[in-house]
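A short write-up of the structure that comes next.
The values are calculated or read from the model by the stated rules, or taken from the named source; none is laboratory data. All values derive from a computational prediction rather than experimental measurement. Don't worry about glycine lacking a Cβ; one is built from the backbone with ideal geometry, like all the others, and counts go over all protein chains shown.
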Amino acid sequence: MKLANGPTLLTVKDIAERISYDRSEDGLARTLRQVRHWTQNDLLETISEKNTGKGVPRFYDYHSSLIIAGILLELSRYGATVDILKPVADNLYESFEDDRSQYMLWQEMDENSYLQVAWNTDPSSGRFMDAVMHMFDDLDKGYSGNELMSEPTSSVVINMSKLRERIFPGDTYAT
């Protein structure tokens, strides 16, 4: 849906159809439930009212919602739960609002770009706390500070170029 002279908005179904790996009816239904679950737990932000009631769609921003939902789905494949994904989503929304240039960069590049996601842990309990994210690309190799972070014990690296091809097939990333 496109508002007159405004941003393109998506529904829960639109997001599920774009990010889902399994395009079968069951696969889309599973992804749809996951997107709703992320919304209810404040991992995905809506433009409209979050609790709309039956038959009234929620609307999401095209750019941030697709990118963040795609990243959340990737991390969910590794068994990340809502409490582990929440600091990631918060960090992504904050980064997206502060500086869209990094997200636009990976959309326009021919080279592979990557997002490395790690979590700080509580030293006494070992529980995950806030998320640490770092973007880099194939052109950054050899430049100090612009390649894979080596500090975390473990992290997940997402090939954002492949994610882009999957969730924005044939689309140009309109700003």
Flagged in the range 41-86 as acidic (Asp, Glu), assigned to a loop (DSSP other than H, G, I, E, B) and at pLDDT 85 or above, in numbering order, are ASP42, GLU45
Residues of the range 49-94 being of a type in the set (S, T, N, Q) and touching a residue at least 24 places away in the same chain (Cβ under 8 Å), in sequence order, are SER64, SER65, SER76, ASN91
Restricting attention to the range 26-81, the residues that are loosely packed, with under 15 Cβ neighbours inside 10 Å and of a type in the set (Val, Ile, Thr) number exactly 3
Flagged in the range 42-85 as in contact with a helix residue (DSSP H, G or I) (Cβ under 9 Å, 6 or more places away or on another chain) and among the hydroxyl-bearing types (Ser, Thr, Tyr), in numbering order, are THR46, TYR60, TYR62, SER64, SER65, SER76
